[in-house]
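Take a look at the structure set out below.
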Amino acid sequence: MSNSTLKFINIPLVNLVQECATYYHLIQDDQFCAQFKSAKADVPIVAPYIRWYGLPGDLLTMILQRQILGIESYISGIVVMEVVRKNLVTPDITKKLKDPFSFGGRGTADNYYNRLPAVLDPNNSLRQSNPDLWQETRQFYKDVRNPLFHGKHIFNDDPKALLPPLELLKQLYAWIESWFDGSVWGHPRITNRWTGATGSDFRIKPDPAKLLGSAVARSTPPFARIACVSTESGSDPIKTKLACRSRRYRSEY
């Protein structure tokens, strides 16, 4: 069956970082975690971006899956942007960047964290630049990431069980920042995203109806200057166009 009716646009990369940072703080908030202990079928768990009426463990599964996909999308987008900016584009590289698995690495983690950044500089690979973090990431993909994407889901009802995985993703985002200068594209520093806009902890209003409009919106600065890179197969890779435009993205739906 053809899915030709589906349309796609580039993901605003800073939104991926912001969402991960938001949940990193949120799962450490006692009021948010209390919702999981008293979850009922007719009472939703209220979180940024969603009201959840299903099983608590399924919500945790979705949150973690999204954050893993988020950092994989982030590093892919960053490498594409830098390849264009540094004029490293070739037909072969363009083809591989559209499918990171075509790099021929030994698994998903190797392709995303070693092969992809090495396109810019071999020293950028996680194995080369931070061997300890690479081993931890490799184990995480074996024990957590792969099961989550191959028929398993989280059975825990305590959101704080997500803290170790999100802590690892936080370290990976910081590692990316060690070789990617986001200021070139107008991106805020990634490390600033993990303390909130004012440097204070994220807090949740007791009234769930006010959650999205106050606690999150107040703590989340507007996103702006999103870089878009054209990678259409029909375009000339040497003449790839970059379009930077300012937008504001609201936290509530």
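Throughout, read-outs are computed from the coordinates displayed, never taken from laboratory work. Please read these numbers as outputs of a predicted model, since none were measured by experiment. Don't worry about glycine lacking a Cβ; one is built from the backbone with ideal geometry, like all the others, and counts go over all protein chains shown.
Of the listed pairs K40/K160; K96/K170; K98/K170; K142/K170, which have alpha-carbon separations greater than 23 Å here? It would help to have the intermediate numbers written out before the result.
Working: K40/K160 19 Å; K96/K170 26 Å; K98/K170 25 Å; K142/K170 18 Å.
Beyond 23 Å: K96/K170; K98/K170.
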Report summary line: HN-Hα couplings for the stretch 23-36 via Karplus (6.51, -1.76, 1.60; θ = phi - 60°), in whole Hz with x for Gly/Pro, come out as 5, 4, 6, 5, 6, 9, 8, 4, 5, 5, 5, 4, 4, 6
Query raised in the report: ³J(HN,Hα) across the stretch 44-49 via Karplus (A = 6.51, B = -1.76, C = 1.60, θ = phi - 60°), whole Hz, x for Gly/Pro?
Result: x, 7, 9, 9, x, 6
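As an exercise, use a Förster radius of 25 Å and the Cβ-Cβ distance of S183 and L69 to find the FRET efficiency, rounded to the nearest 0.05.
The computed FRET efficiency comes out at 0.45.
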Query raised in the report: If amide H atoms are built 1.01 Å from N in the plane of the peptide, which residues on other chains or at least 5 residues away come under 5 Å of the amide H of A47?
Result: W52
Query raised in the report: When the Karplus curve 6.51 cos²θ - 1.76 cosθ + 1.60 is applied with θ = phi - 60°, which whole-Hz ³J(HN,Hα) does each residue of the stretch 140-156 get, with x for Gly and Pro?
Result: 4, 5, 6, 8, 10, 4, 4, x, 4, 9, 9, x, 10, 9, 6, 9, 5
